1. Mind checking which pairs have a first residue in the stretch 343-354 that is within 16 Å of the ligand (Cβ to nearest atom) and a second that is basic (K, R), Cβ under 8 Å, 6 or more apart or different chains?
2. Just checking, how many residues over the stretch 116-174 are among the hydrophobic types (A, V, I, L, M, F, W, C), modelled with pLDDT of 95 or more and not in a helix (DSSP H, G or I)?
3. Just to be sure before I move on: is R59 in contact (Cβ under 8 Å) with a residue 12 or more places away in the chain, within 15 Å of the ligand (Cβ to nearest atom) and in the same structural domain as E402 (by TED's automatic domain parsing) in the structure I sent?
4. Identify, from the list W463, W556, the residue that is among the aromatic types (F, W, Y) and farther than 21 Å from A32 by Cα.
5. Any idea which of R147, R112, R117, R156 is more than 30 Å from Y396 (Cα to Cα), touching a Gly at 6+ places or on another chain (Cβ under 8 Å) and more than 15 Å from the ligand (Cβ to nearest atom)?
6. Identify the residue in the stretch 411-423 that is without any contact (Cβ under 8 Å) to a residue 12 or more places away in the chain and open to solvent by 70 Å² or more (accessible area, probe 1.4 Å) and, among all such residues, is farthest from the ligand (Cβ to nearest atom).
7. I'd like to verify a number: residues in the stretch 263-284 that are open to solvent by less than 50 Å² (accessible area, probe 1.4 Å) and either modelled with pLDDT under 95 or charged (D, E, K, R) (or both), how many?
8. Tell me which residues, restricted to the stretch 303-321, are hydroxyl-bearing (S, T, Y) and in a loop (DSSP other than H, G, I, E, B).
Amino acid sequence: MDSDVLISTTQGGTPAVVAIDPVLDGDWWRTAVIYQVYVRSFADGSGDGTGDLAGVRSRLPYLAQLGVDALWFNPWYPSPLADGGYDVEDYRAIHPMFGSLAEAEALIGEARALGIRTIIDVVPNHISHQHPWFQEALAAGPGSPERERFWFHDGRGAHGETMPTDWVSSFQGPTWTRVTEPDGTPGQWYLHLFTPEQPDLNWNHPDVRTEHEDVLRFWFDRGVAGVRIDSAALPIKDPTLPQLPLDPGPGEHPHVDRDEIHDIYRSWRAVADSYEEPRVLVGEVWLEDSARFARYLRPDEMHTAFNFALMTQPWDAAAMKASITRTLAEHAPVGAPATWVLSNHDITRPVTRYGREDTGFAFDRKRFGTPTDLDVGTRRARAAALLTAALPGSLYVYQGDELGLPEVELPLDAIEDPMHFRSGGVDPGRDGCRVPLPWTKDGASHGFGDGDALPWLPQPRGWGDLAVSEQADRPDSMLTLYRAALARRRTDPDLRIGRLQWVDAGDHVIAFRRGDRLLSLTNLGSEPMALPDHRGIVLASNPLVHGALPSDCTVWLDVEPGAHSA
Ligand code: NOJ
C-alpha cells in the first residue's frame, strides 16, 4: 500500500522503524500486534526480584525493535495477589511493588512516543475482598445497602448452613463462602465464581456500573488506548439464583453469557467512543457457541475478543484449518477482526504444549511430569508463530513466547497460583508460564534484575541459554524469527490487510494466500513437501531441506500475483 509512511527513530542506540498507515491508523486494532506484559515477570528495575514499571520502561526499545503495536498489561493495581492481581483493591493506583501512578503515566507516554499503545486489564466480575466496598459490606451486616453491591444471600437449611446454590467455581470447588456477622454469629453467604478472595459484584446495582465507567475514564484520560475485559461473559447473574440446569440453552446459564450483559458493553463502548481517538474494548470471552460469541462484537459493543479456539486445537492440519475457517466465518457477519492467540498467562507455553502427545489444551488435563519433547515443540511453535502472523486480524504475543520459553515445572513450595491449591495439588497451576524472563546468560536472575536478588519465581537450569542477549544476533533464534515476521507483517500490505484465500495443498498442509502475492504453507505431515511455483522465499520457520518444506514448518512464499488461486 503506497500510503504507508516509514519513520526511522533511534532509541538508546537501537534503530526502530515505526510504520504509520494514515488509512488504517484510526482502526489500528484491526491488524495490531499486541504484546502481553505480565509486569511481575517481565523486567525488574528496582532489583528486588519482582518485575516493575521501571523495568518495562527500560525495555521499551526492545519492544519497539520487536515490532509490536501495543502492550497489554495484566492488572497492575494494588492487590493482595490472591489471584495474580485479578483481585483488585484499588483501580486508581498502581501496586507499590510495581511503582507509582506517575510512573504508569510516564510509561504510557514513552511507549506512545515509540508508536506503541497501552491496553490495561479491567476485571468487572469481581474485586478483592480487601476492597473498601467489600470490607464495608462485611461490617454493615445483612440487609444493608453495602451488601447490595455483592451477592450476599442467606443459606439454605434450617440454620442457613447450606450454600445458596451448587454452582461450581472456574477454579474448582464451591462458589459461596459463609461470613461471620459483626455480632460473631455464622451469617450470610457471598458469591465468588473464582476464589473467596474475589467476591462477585452485583451488576444490577447502579454504583457498580457508574464506578466502572468512571474507572474507564480515569485511565482513558491518562492516554490508555484500550481495555482488556477479564471474564467478560460472567458479570451478570440470574437474580433468582437457580441451580445449574443440566444442559442450559443459549442465554439460560445462570451466570454465563446472560442476555442482559450486552447493555454493560454498549455503555462502555459509548465511553470509549467519546474520545477523540476512540478507545478500544477487547473481551476475554470463553464461549463455544460462535453465534453467541459474535454478539459481543456487534458494532456498538466490543471491538475484538480473544479467539481461543485455535490455541486449544491439537497439532493437526484438519482441526486447525477448520478452527481458522470457523473463526473467520463467525466474525464476518459483525464486521469485527479475528484475534490470534497462541498462549497467555493462563495457558501452558506453546513449545511445551506442542511437544506433548496431547497437543491440545484443556485446563483439566494439566498434570505434573507430562513427557515433553522440547525440540519438536519448539519447531512447531515456530511454525505456529508464522502461521498465526500470516492470518488476517490482530495478533497477541505473550511475553517470552518470542524467546521460545518452555513451561517450567516449579518446585511445589514456589507455586502461588490458587488453581494449583484448589485442585488439591493435582494441577500444577499457571505459574509455570509466569517465570521471570531471561535477558542475559549470566547473573543471579539472568538479567531480569541487575543485582543479586533472586526472582520471585525460580528460573530453571538452562534459562540463560534462552536469554535475549543469546538470541538477539543469532539468525536461527526464535527472537530473530519473531522480529522478522513482525517486521514483514508491518510493511507488507498483503500480509496485513490482504484477503485470505484457501489453497488446497493436501490433507496435512494449511495453505492460504494473503492478498495477491503472499502464499503461506504450514506442513503438519510427516513427509517434506515440494514447494509450489514461487518467485522467492520470504521467511521460513526452519531451513528448507533440498528446497522442500520439512515437517512441522511454515514458509511464506512470494508468488506471481493471483497464482495458486482456489
Ligand atoms: C481470567 C484471567 O486471565 C485469569 O488469570 C484470572 O484468574 C481469571 N480471569 C479471574 O479473574
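1. What qualifies is S343/R349; S343/R353; H345/R430; H345/R434; D346/R430; I347/R353; I347/R430; T348/K366.
2. Residues flagged as among the hydrophobic types (A, V, I, L, M, F, W, C), modelled with pLDDT of 95 or more and not in a helix (DSSP H, G or I) within the stretch 116-174 amount to 12.
3. The answer is no for R59.
4. From the options W463, W556, the qualifying one is W463.
5. R147
6. Here the residue is D413.
7. Qualifying residue count for the region: 3.
8. Once the filter is applied, which keeps residues that are hydroxyl-bearing (S, T, Y) and in a loop (DSSP other than H, G, I, E, B), the stretch 303-321 yields only T312.
The values are calculated or read from the model by the stated rules, or taken from the named source; none is laboratory data. Every value quoted in this text rests on a predicted model; they were computed, and no experiment measured them. Backbone-built Cβ (ideal geometry, glycine too); neighbour counts: all protein chains shown. Calculation scope for accessible area: heavy atoms of the full protein, side chains included, ligands and nucleic acids excluded. Shrake-Rupley method; radii C 1.70, N 1.55, O 1.52, S 1.80 Å.
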